[in-house]
Amino acid sequence: MGFGELLEQVGSTGRFQVLQTTLLCMPVMLLASHNLLQNFVALVPPHFCNAHTNLSQSQMSAEEALLVTVPLDQTGKPERCLRYAAPQWHLLTKNGSSSSGKEGDTNAGLDVDLQGCSDGWTYNMTHMKSTIISDWNLVCDQRSLKQMGQTVYMGGVLLGSVVFGGLSDRYGRRILLLISHLLMAVSGTCAAFSTTFPLFCLFRFGCGMALAGMGLNTFSLIVEWIPTSVRTIVGTTTGYCYTVGQLILALIAYFIRDWRWLTLAVSLPFFVFFLIAWWFHESSRWLVMSNNPEQAIKNLKSVAKFNGRKEEGEKIDMKRLQETMKKEMSCSQGTHSVLDLFRTPTMRRMTICLSAVWLSTSFAYYGIAMDLQKFGLDIYLIQVIFGAVDIPAKVVMVVSMSYFGRRISQSGALIIAGITVLINLLIPYDKQTARTCMAVLGKGCLAASYNCCYLYSGELFPTIIRQNGMGWVSMMGRVGAMVAPMVLLTADYLPWLPGLIYGGAPILSGIAAIFLPETLGSPLPDTIQDVEDRGTGRSSKVSRKEAIILQETQVDLLKQTA
């Protein structure tokens, strides 16, 4: 399209694109750390009731106090939320602290009064020195607050998707990215020094808003400064930054076992990213569509100079810009809102299908990835495994997107993910290795789906409302992420129901993805009319021969990066 010609003139894959894309991708690594931070800062350590006050002041050993204070559960471990109403001294006379003697007295039908942990809890801090669970006693009757903390965080992401999506289409990508970096740095630092759980939730809400703003505007600044031929490669590379971030989180959490220092470690770098972001160039494509052609020309000339094409850049003036993007500039008159996503038939169908894709992808992804303790393996090891599986999954996805197209790839990833989750329902609970393998496969498919839907959505929405569109589908994704923890509560009534819901949702949305238009080899649409033309088959901007050339270029680039 018009802007593509200008981009080629100033250098579409030059030093500027490489440097700006690299700097934009760096914060993405720590976005994963904040998204999955709950797995470590809210780790639930093994715990049991403290001994009675008079007993804790005696000369008894910790083992003896535990024996006469806390009964055993059905698995032979100390009860987490109950203790004897009065110390059971007679248990000390039965072979000291033998397990057979304890089981005989606690499980042989003796009528023993029990009570809650009125004197607090003792925590086994093997994996972490401290967590928000141990600091604020979010266990037993208060255990649901753990899920509330993650829901509040996702609520911030939800609101951020709406707010930053609309504002960036009005005020620009760069300024909103600056605000997002600063908000993340300040909110994350304040969360690390929170003195109460409500304050912690408040600042995590701010982190969630900042994450949404960074995700939306980072992707837009990347995709709007690169040509069609490398969008697949660059989009996948950005996705790999998130994958690396999951591995970095496991590494940082392994060496920093205190939740406050861990939160601080993944938040302070955003002050540096805030300073770096001042160098970024606002999207000239957006500037043209927002009736600011003078600044667009200035940015294009700056990019041309940076790419060593100063003479070519000097040829761009207002007349050249108007001739190249006449149609786009005429269609950009007036204001646009999220309602434009539903006004026309093709846009409406596309938005509904993408909403289903984002909601189910996020819903199933966080249903699996945010409860690592249930797999019974080392928490750091499972985080590494869950992060590492993204590497082959995204390789397969980029090959699939380049050869088979976005639509088939998106649909296939979701359907396969749903099937793996449903298969897990048939595997016995004691087969932890098999269950973990299926969960890892499902998580890999969902990560690949995420990688595809970010690129796919950016290619489907037109420039004038791209941020509104990305904000809307991102909002739907956060709705799924907020609902995911609540679904786990249904296991108290039907143990198999959460798995059925987590598996069924991706399959249904995978079917919905089939109704989306294909974008492989197509230039970015700038106006709503471009989208409608493509939906009705009237678009002739790129001939079939040109599309084949673009596809071959993508494949060649893929081979070079392999």
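List of remarks:
- Cα-centred dipole magnitude for region 341-539, charges only on beta-carbon of K, R (+1) and D, E (-1), debye, nearest 20: 220 debye
- Counted residue by residue at 0.36 nm each, then reduced by the alpha carbon distance between them, the extension gain from LYS315 to LEU497 reaches 59.2 nm.
- Amide hydrogen neighbours beyond the local backbone of SER283, cut-off 5 Å, H modeled: ARG173, ARG174
- Vicinal HN-Hα couplings computed from phi for region 172-178 (Karplus, 6.51 cos²θ - 1.76 cosθ + 1.60; Hz; Gly/Pro x): x, 6, 5, 5, 6, 5, 4
- Residue ranges 145-151, 192-198, 232-238 sort as 232-238, 145-151, 192-198 when ordered by packing (mean number of other C-beta atoms within 10 Å per residue, highest first).
- Dividing the summed helix terms, -39500 (n - 2.57) for each DSSP H run of n ≥ 4, by the number of residues in the chain produces a 222 nm estimate of -21500 deg cm²/dmol to the nearest 500.
- Stokes-Einstein D (µm²/s) once Rh is taken as the Kirkwood radius of the chain over alpha-carbon pairs, at 37 °C in 0.692 mPa s: 128 µm²/s
- Each label point was placed 7 Å from the Cα along the Cα-to-Cβ direction; for LEU23 and ARG143 their separation is 4.9 nm.
- Extension gain, LEU489 to ILE352, is 46.5 nm, computed as 0.36 nm per intervening residue step minus the present C-alpha separation.
- Taken as Cα centroids, region 423-454 and region 273-292 sit 39 Å apart, rounded to the nearest whole angstrom.
- Of TYR123, ILE252, VAL112, farthest towards positive along the dipole that unit charges on Lys, Arg, Asp, Glu beta carbons give the chain: ILE252
- Averaged over its residues, the chain has an accessible area of 42 Å² per residue, based on protein heavy atoms and a 1.4 Å probe.
- Estimated FRET transfer efficiency when R0 is 22 angstrom, pair LYS77-VAL112 (beta carbons, to 0.05): 0.80
- Dipole magnitude of region 344-429 about its Cα centre (Cβ charges: Lys, Arg +1; Asp, Glu -1), debye to nearest 20: 480 debye
- Carbon + sulfur, % of accessible area of the chain - ligands and nucleic acids excluded, 1.4 Å: 63 percent
- Distances between placed amide hydrogens fall under 5 Å for THR519 paired with ARG406, ARG407, all partners being 5 or more residues away or on another chain.
- On the basis of the beta-carbon distance and an R0 of 25 Å, ASN291 and ARG343 show a calculated FRET efficiency of 0.75.
- Computed lengthening from TYR429 to HIS90, 0.36 nm per intervening residue step minus Cα-Cα distance: 118.3 nm
- Here, P(r) means the percent of Cα pairs in each 5 Å bin from 0 to the largest distance; for region 341-539 it is 1, 8, 16, 19, 19, 14, 9, 6, 4, 2, 1, 0.
- Charge tally around ARG406: other residues with Cβ under 15 Å, Lys/Arg +1 each, Asp/Glu -1 each, net +2.
- Greater than 29 Å apart at Cα, pairs in LYS374/LYS394; LYS146/LYS431; LYS305/LYS394; LYS77/LYS146: LYS305/LYS394
- The simple Förster model, with R0 at 56 Å and r as the Cβ-Cβ distance, assigns ASP533 and THR126 a FRET efficiency of 0.35.
- A Cβ-based charge dipole, computed about the Cα centre of the chain with Lys and Arg at +1 and Asp and Glu at -1, lands at about 1400 debye.
The values are calculated or read from the model by the stated rules, or taken from the named source; none is laboratory data. No experiment lies behind these values; they were computed from the predicted model shown. So basically every Cβ, Gly included, is an ideal-geometry build from the backbone, and we count neighbours across all protein chains shown. In case anyone asks, the SASA skips ligands and DNA or RNA and just uses the protein heavy atoms, side chains included. Shrake-Rupley method; radii C 1.70, N 1.55, O 1.52, S 1.80 Å.
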